[in-house]
Structure formats: structure tokens, C-alpha cells
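J.: First, the structure itself, so that you have it in front of you.
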Amino acid sequence: MYKKIFMDKILKEIVDKRVITIKNKGINFGYKLPAQRQVPITLPDMKKGITVCEIKRGSPSEGKMNDILNPVEWADKYIKSGADAISILTEENYFFGSLDDLINIKNKFPNVPVLRKDFLINEEEVEISYLAGADMILLIASVLIDIDKNRSTDLINKMKIKAEKLGMMPLIEVHNLEELNAVLTINPKVIGINSRDLKTFLIKRGYPFALKKNIDDSIYTIYESGIRNCTDSFFIGSSGFNGLLIGSSIIKSSNINEKISDIKKGFSCGILNRNRFYNELFYKIHIEKKLVVKICGITNLDDALIAVENGADIIGFIFAESPRKIDFYKAKEISLKLPDKILKVGVVVDKDINLLKTGVKEGWLDVIQYHGDFDNDFCQSFQTCWYKALRIKDENDLKLNYYSPIVLFDSFSKNAYGGTGKVINKKLLDYAKNNNIDIYLAGGINPENVREIIDKYKPLLIDISSGVEEYPGKKSKEKIKKLFYEINKKS
């Protein structure tokens, strides 16, 4: 709570100080600008998918980052490493940037698209950005709606129209559903969805996937903040984003060329492997505010339909050695008879991974759930939508080394990779809850304990198999009904 209050205060300070600086130094912040623009307008090709790399000297949450003495040299490194556009943070007081950084970089690289990233607050700043050489400008919805006397989108719309008339591309940034719905009324061409909450400065990597589901494909979308590596960028590309904006992970990298190349590779691969899974999953979690329920170990159509009729969001097929193992083609037959809205998961340990990959490519499976001692690179190497199921033995296992947007927590067993029917040690669940670790939970959940688990640990997803069975491989209609009764009743 302290951090939230502090960051609310910082955001207000940034804007208030900007007003004072403009009053004292003028709308050009004291920099000499030409009467007419001296460099060409160069817009990025959004259709192919763009990687925007940011020059950021620091931030309120991290202080000064690296030692960027010569932004032009940094831009040169970015461009040579494959950046499609350069974002330049020009805010002076809290991010340590300057309008001069943008001017110098655009003059040196006139044919490279440049984004002015700042807390712009009035129409005059649009023209200043144009004269300085910006090809794109950031318009932050939360800031501009707050400034507007009527708390409307009028100011954003005026700034957007002015930018477009000058030939620039306005990137309208949103952080939540309320802002998105407001922005959609002014017919934006490009929307940036920032995974960092501007009021708390915390990253929620799944949230942009949820908002993306609400945006028509005719509008270009850019994922902003929290991008660490090629796995992150793969899922961003596969979830339908047209661009990504990376700052901190590049700036902190010891090898900028390798980092940018790695992120671009993942993003390009993701674009070629579109997948609905994370958009649908996070929409349920963040927008519908519902507990996602997966019924796993399905071996026949009747059990699948009973689970769906009672409220299951996800059906799981086990292809690993298990009493619940199902034949690949039988699973396909069942899946194709289920409603399209139901997500389908293929569970695998070590065999038949390429077969499951085929199922995802064909569309009757949505995602692969990996058990086993696979590292992040191995899971990612199949270039298919996936997540990791992890046996939790101690607190170190909760300090995640996997980069899939979700990690499923299962109880630890020396003899099995899953399906133990045991709940994770409750001390470990307490640790996860107390450390704001998102809980996606499998193992030992049944109609008798599900309500207590929901009330105490607030999981975002629960995965149930043996807890609703008559015997291994056969579900109980009565137990499934009771499970969903417990889930849906009020605490």
C-alpha cells in the first residue's frame, strides 16, 4: 500500500512539475528548435511487426540506469542490432532525459522512426515534438484524461488529430480496461498497452493479453514494458501484437546486439504462430474476474461434456504415462466435439511432444503443458504455445526460472511428475500469497477442500483431475457438480 501511495504521488509530481517547467522555460523546455522541421517523417511498417528499442537514462522506480553519456551511440547500437524504431524518453526530472537527445538522434539517423516518449500534456507539445524531429509521439491516456477538466477524451483526441495532420503517428497508451474503452471511442490507429501500472509501477505481464482481446485487428497494438527475452516476445507476437517496446532489459544487458536479436527472433516466430490461449485465459482472469477451472485427465466425450456443462473453462488431455492417458486421435475426436469457447490443453512429460505440437498447429489443442525436468529453452524450442507445470518442493521453486506467462504449481513427488492427488505444502502457498506470486494451482483439489483453497489463497486457476473421479480415468458426474457448486457459492 505504501508503494502505491508513493507512486501515485510521483505520477502527480511528474505532471505538476512539467506544468511549472513549461511555465518557466517555455513549451520548448529551453531548447532551440528550427522554425520548420529539418528531417523527414519516417513511419514504421506496422504490418510486419516492429521492435521499438528505448533510450532511457533512468526511472522513478529504478533510479539512474547504466551510464548513457552519448545517446546517439546507443541509438547506433540499437539500429545495427536490428531495431525498427527508437524510443527516446525525453522527460527531464524523473527519467533524466531531454529533448536534445531526440534532436541529436533524429539528425544523425533521419530515416529511422523515432518516438518521443514523454508525459505530454497539451496540443502545443505535439508541434514541438514535430519540429524536434519526432515521427511518433506517446499520448498517455491516464495523464490526459486526468488533465481534461471534464475527464473526457477530448484532449487526447485533439492531440491525436493534430499529430496525424502533421504526418506523425500518435501512439495512445492505456493501462486498464476503463482507459481502453475510453480511447476506442476516438478511433485510434495505434494503441500501446503498458504492462506497468503507472500508479504502482508494478508489472502485470498477463494484463495486456487480456486487453488485446478487446481490440479489433484493424487497430495496431504495441506491447510495452516488462519484456525480458525471446520467450516473452514470442508470446507477445503469438497473441496478436504488432509491435513491442523494450527499455530496461536492453539497457541493463551486457550484450545489446545479442539481446535485441534474441527478442526480435522470438517476436517474429510468435507472429507466425498466432494462438488464442493467453488472450482468452487472461481475459477471463483480469476482465471477467473469474476463477479459471481446468478439468484434466479427460478420457471420453461424456466426461468432457459434463465438465463443460457445469462450468469448466479448460479441458486437459494427458498424453504422458498415466491411468488417464489418452490416445492422440481419440483426444482430437473429443476436442472437435467441444464448444469452440473451451480451451484445450495437452499434458506431456517427454514423449510425443512433436505430435502435440501438430495438435496445436491444427487448432484442436490450444497449448502444451510441460511436466518433466525441462528448462525454459527446451520448452520454447518447439515454437508452440506452452506453459510449465512445476513440482514445488521449497520456496526456491517459487522464484521462477520459467518465462511462460503462467506456471502451474503442483505438489512435489520423487516418483511422479504430476497426478499425485496431494495439495502443495500450505506453508509454500502462504509464501506465494504473501509475496504476490500469482497462484495457478494443481494437486489434491476436490469438492471438499476447493472452497477453503479459493478463500485462503485466491488462486487464478485451479486444475482438478483425481478429485472428481469415480476411478482413475473416469469422472464422477456428482463430484463435478459438487465441485462447481462449491466454487460458485459465496464465501
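What follows is calculated from the coordinates using simple rules that are stated; it is not laboratory data. Fair warning: this is a prediction, and the values are worked out from it, not measured in the lab. Cβ atoms come from the backbone with ideal geometry, glycine included; neighbour counts cover every protein chain shown.
J.: When DSSP beta bridges are limited to those with both residues in the chain, what percentage is antiparallel, rounded to the nearest 5?
T.: 10
J.: Along each of its three principal axes, how wide is the spread of alpha-carbon positions in region 55-113, in whole angstrom units, largest first?
T.: Projected onto its principal axes, the Cα set of region 55-113 covers 31, 21, 17 Å.
J.: What does the helix-only formula give at 222 nm for the chain: each DSSP H stretch with n ≥ 4 adding -39500 (n - 2.57), the total divided by the residues, and the result rounded to the nearest 500 deg cm²/dmol?
T.: Here the helix-only value at 222 nm equals -11000 deg cm²/dmol.
J.: Placing +1 at every Lys and Arg Cβ and -1 at every Asp and Glu Cβ, with all other atoms neutral, what dipole size does region 2-271 have around its Cα centre, in debye to the nearest 20?
T.: 240
J.: With r defined as the distance between the Cβ atoms of residue 164 and residue 381 and R0 fixed at 41 Å, what FRET efficiency is calculated, to the nearest 0.05?
T.: For R0 = 41 Å, the calculated efficiency reads 0.45.
J.: Only Cα pairs under 8 Å and at least 6 apart count here; give the relative contact order of the chain as a rounded whole percent.
T.: Taking the mean separation of contacting Cα pairs over the length of the chain, I get 10 percent.
J.: Tilt of helix 353-362 relative to the longest C-alpha principal axis of the chain, in degrees (0 to 90, nearest 10)?
T.: 70
J.: To the nearest 10 degrees, how steeply does helix 71-80 sit against the main Cα axis of the chain, on a 0 to 90 scale?
T.: Once rounded, the angle reads 50 degrees.
J.: Name the residue farthest towards the positive end of the dipole of region 254-317 from the options 299, 272, 255, assuming +1 on Cβ of Lys and Arg, -1 on Cβ of Asp and Glu, about the Cα centre.
T.: About the Cα centre, the residue reaching furthest to the positive side is 255.
J.: Sticking with this structure for a sec: Calculate the tail of P(r) for region 2-271: the fraction of all Cα-Cα distances greater than 29 Å, expressed in %.
T.: 25
J.: Could you tell me which of the pairs 204/341; 252/393; 204/426; 289/399; 106/199; 47/213 are separated by over 28 angstrom between their Cα atoms in the structure shown?
T.: With Cα atoms farther than 28 Å apart: 252/393; 106/199.
J.: Quick one: length gained pulling residue 214 to residue 425 fully straight, 0.36 nm per residue minus the C-alpha distance?
T.: 72.2 nm
J.: Could you work out how far apart the two model spin labels at residue 147 and residue 456 are, taking each label as a point 7 Å from the Cα in the direction of the beta carbon, and quote it in nm?
T.: The two pseudo-label positions are separated by 5.0 nm.
J.: What does the highest-first list of 460-470, 104-114 look like by mean Cβ count within 10 Å? Don't jump to the answer; show the numbers that get you there.
T.: Numbers: 460-470: 22.5, 104-114: 18.8.
Those peptides, ordered most packed to least, come out 460-470, 104-114.
J.: With an 8 Å cut-off on Cα pairs and a minimum separation of 6 or more residues, tell me the relative contact order of region 290-488 in percent.
T.: Value for region 290-488: 20 percent.
J.: Compute the acute angle (0 to 90°) between the alpha-carbon long axis of helix 2-25 and the principal axis of greatest extent of the alpha-carbon atoms of the chain; round to the nearest 10°.
T.: Between helix and principal axis, roughly 20 degrees.
J.: Also: So how strong a dipole does the chain carry about its Cα centre when Lys and Arg Cβ are +1 and Asp and Glu Cβ are -1, to the nearest 20 debye?
T.: Dipole size: approximately 460 debye.
J.: Right, next: Label points 7 Å out from Cα along the Cβ direction at residue 202 and residue 394: separation in nm?
T.: Those two pseudo-labels are separated by 2.7 nm.
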